[in-house]
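Down below is the structure, laid out as structure tokens.
The values are calculated or read from the model by the stated rules, or taken from the named source; none is laboratory data. Model, not experiment: these values are computed from the prediction. Ideal geometry is used to build each Cβ from the backbone, glycine not excepted, and the neighbour counts take in all protein chains shown. Surface areas here come from the heavy atoms of the whole protein model, side chains and all, with no ligands, DNA or RNA. Shrake-Rupley method; radii C 1.70, N 1.55, O 1.52, S 1.80 Å.
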Amino acid sequence: GRPVWTTIVVVTVVHYGPEARFQGKLPKLTHQADAPMSAFAARMQRDTPDRVVCLGDCIEDRDHDADLAAYRQCMSRLNEAGPERICVAGNHDRINLDGSELRAAWGLGPGPLYRSFAVGPLHVVVLATHEERDTRITIDRDQLAWLEADLAASSGDVVVFMHHSAADQDLRGNRWFEGAPHICLVEGRQALRALFEGCGRVRLVMNGHLHWNHCQVIAGIPYVTLQSLIENIDDDAPGRPAAAHAWITHDASGVHVDVRGEQPCRYQFATAR
């Protein structure tokens with residue numbers, strides 16, 4: 001019969017907020033975030049994937065009230081994109097907003113920021129990385145214990161969504177994180193990857209945060225980083241947003257990741273059976 005396709009569209013690092021300059025230039029178009037998000041929502045209404053995922057950093061943090069208003073604005077656009085949207089907590093989202101406020105904005109009651117659920121035949125895992133500002137990124141022991149039990153109790157192919165990267169990325173050329181792995185890569189990521197590898201069913205691990213497209217396959221598992229929606233692909237103002245979003249297509253043969261926008265790329269991973 002016909003293959004059963006599951007389609008998930010991913011967007012990340014939207015950074016609703018004021019204009020944000022870095023080293024005297026305008027590397028991300030935070031003050032223009034609503035235009036590419038509105039265009040993204042319109043595309044999703046037309047193309048109707050099974051789920052829409054935001055991998056975090058919906059806002060450029062300022063203070064509690066401004067952040068909550070900006071976060072809700074981003075959620076409104078994601079709700080337009082599709083009723084079945086999935087959110088991941090980013091480091092900027094968590095500076096002035098607590099977990100209960102984020103979950104409420106997601107339409108969820110009390111609970112942790114990590115969770116799992118089925119999307120068609122896929123088992124989807126959302127992890128919550130925690131950044132100690134400018135110091136390190138961790139995943140707590142309780143969450144790792146939960147993850148190990150969750151993977152053992154589930155069935156089917158697994159896709160993992162998180163904000164920071166669990167790969168060992170070569171950061172040369174990254175204008176935000178070159179020379180700073182401690183604020184973009186998860187500390188103790190080898191133990192996290194060991195859980196993915198031990199499961200034997202993890203087909204894709206996807207993250208945002210690093211403001212570029214990147215793919216690394218470790219022990220047969222692809223780790224894909226998605227470019228920011230509002231990254232300026234020009235050197236300075238007035239700029240052009242990357243408008244990055246990724247179509248993940250899964251069936252029994254494997255996973256296909258099609259990154260669209262101003263910096264397109266495609267990755268295809270066959271599943272050994």
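If a/c stays under 1.5 just call it rounded; otherwise compare a/b with b/c (prolate if a/b is bigger, oblate if not). Do that for the stretch 51-190, with a ≥ b ≥ c from the square roots of the Cα gyration tensor eigenvalues. Judged from the Cα gyration tensor, the stretch 51-190 comes out oblate (a/c at least 1.5, b/c at or above a/b). Here r is the Cβ-Cβ distance between E148 and F117 and R0 is 22 Å; the resulting FRET efficiency, rounded to 0.05, is 0.80.
Taking the DSSP beta bridges with both ends in the stretch 70-217, the antiparallel portion is around 45 percent. Could you tell me whether the chain comes out rounded, prolate or oblate from its Cα gyration tensor? Rule is a ≥ b ≥ c as square roots of the eigenvalues, rounded for a/c under 1.5, then prolate if a/b exceeds b/c, otherwise oblate. Rounded is the answer for the chain, as its axis ratio a/c remains below 1.5. Helical runs assigned H by DSSP (4 residues or longer) give the chain a calculated mean residue ellipticity at 222 nm of -7500 deg cm²/dmol, each run adding -39500 (n - 2.57) before division by the residue total.
Overall, the accessible surface of the chain at a probe of 1.4 angstrom is composed of carbon and sulfur to the extent of 49 percent. Checking every one of the GluC sites (Glu not before Pro) in the stretch 1-93 against DSSP loop status and a limit of 14 other Cβ atoms within 10 Å picks out E19, E84. Taking the Cβ-Cβ separation of R43 and C265 as r and a Förster radius of 22 Å, what is the calculated FRET efficiency to the nearest 0.05? Once rounded, the FRET efficiency stands at 0.75. Extending 7 Å from the Cα toward the beta-carbon at both D140 and D34 defines two label points whose distance is 3.5 nm.
Can you give the relative contact order of the stretch 1-142 as a percent, counting alpha carbon pairs under 8 Å and 6+ residues apart? Relative contact order, the stretch 1-142: 21 percent.
Solvent exposure of the stretch 170-226 amounts to 39 Å² per residue of accessible area, where only protein heavy atoms count and the probe is 1.4 Å. The heavy atoms of M75 present about 10 square angstrom of accessible area, all protein chains included, probe 1.4 Å.
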